[in-house]
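These notes are about the structure you will find just below.
The values are calculated or read from the model by the stated rules, or taken from the named source; none is laboratory data. Keep in mind it's a predicted model, so treat the numbers as computed, not measured. Don't worry about glycine lacking a Cβ; one is built from the backbone with ideal geometry, like all the others, and counts go over all protein chains shown.
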Amino acid sequence: MGQATLTISSKNYSSWSLRGWLLCKMAGLEFNETMVDLSEASARQELLLLSPSVLVPRLSHGQVEVWDTLAIAEYLHEIFPDAGLFPADIAVRAQCRAVAGEMHSGFYNLRSALPMNLKARHESFKIFSGARPDVERVKAIWLECLATHGGPFLFGATPTVADAMYAPVCTRFRTYSVPLETRLQAYVETILTWAPMVEWTAGALAEPEEIEELEVEF
């Protein structure tokens with residue numbers, strides 16, 4: 001298939017970049033990492049040439065160009081079917097796709113109220129009322145998946161696309177000290193101590209202290 005390149009943005013702030021990066025790691029894809037600083041106008045113009053939506057991540061793999069996170073997941077599942085990105089059982093796989101899709105298309109208030117920032121810690125943070133239903137829905141999804149499939153990941157012993165999609169939420173819950181019951185806190189710790197997440201977090205902490213954020217989640 002040729003060489004692979006994943007275009008991402010800030011490791012500290014870009015939740016979608018994290019999701020795409022985790023998916024590539026989980027699939028076992030060997031890829032080069034290209035970081036675009038979206039705070040610079042020239043970089044925005046460069047990214048527009050890659051992706052009209054100015055969204056990251058974007059996977060370039062030989063002649064293939066994929067710029068949507070779930071599309072990246074499905075593409076990687078096709079070329080690495082034994083990587084376990086989705087569960088083997090058709091019914092469980094459907095549930096995994098459903099909860100991953102729910103994260104992909106929803107939870108706008110949560111993402112707006114609790115932006116990803118791996119460097120920050122807020123011991124007392126008041127979540128505005130509009131975001132609270134999103135927080136409770138995430139908790140309900142996690143509890144159902146963990147109870148049904150036994151953990152420590154959402155669909156059992158190994159991580160799937162669903163875990164990659166909800167990994168940024170785990171960082172948000174830690175950043176803003178969202179209260180969690182024991183089983184959910186254990187899941188957050190599982191994700192945050194997962195080797196790819198440890199690697200990503202180290203990169204985030206090494207970034208410059210401040211970047212100018214865009215008016216969209218990236």
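Can you report the number of residues in the range 176-196 which are more than 27 Å from Ile72 (Cα to Cα) and in a helix (DSSP H, G or I)?
Here the count works out to 5.
Quick test of your reading of the structure: Leu18 fulfils all but one of (1) surrounded by 22 or more Cβ atoms within 10 Å (Cβ to Cβ); (2) at pLDDT below 50. Name the failing condition by number.
(2) is the only condition that Leu18 fails.
Could you check how many residues of the range 61-87 are assigned to a strand (DSSP E or B), buried (at least 18 other Cβ atoms within 10 Å of the Cβ) and out of contact with any helix residue (DSSP H, G or I) (no Cβ under 7 Å at 6 or more places or on another chain)?
1
Please go through (1) part of a loop (DSSP other than H, G, I, E, B); (2) β-branched (Val, Ile, Thr); (3) in contact with a Lys or Arg (Cβ under 8 Å, 6 or more places away or on another chain) for Thr158 and return the number of the only condition it doesn't satisfy.
(3)
Among Arg137, Arg97, Arg121, Arg111, which is the only one that is in contact (Cβ under 8 Å) with a residue 12 or more places away in the chain, surrounded by fewer than 21 Cβ atoms within 10 Å (Cβ to Cβ) and part of a loop (DSSP other than H, G, I, E, B)?
Arg121
Residues checked against (1) surrounded by fewer than 17 Cβ atoms within 10 Å (Cβ to Cβ); (2) modelled with pLDDT under 95; (3) within 24 Å of Leu29 (Cβ to Cβ):
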site: Ile141; (1), (2), (3): no, no, no
site: Cys145; (1), (2), (3): no, no, no
site: Asp163; (1), (2), (3): no, no, yes
site: Thr175; (1), (2), (3): no, no, no
site: Arg183; (1), (2), (3): yes, no, no
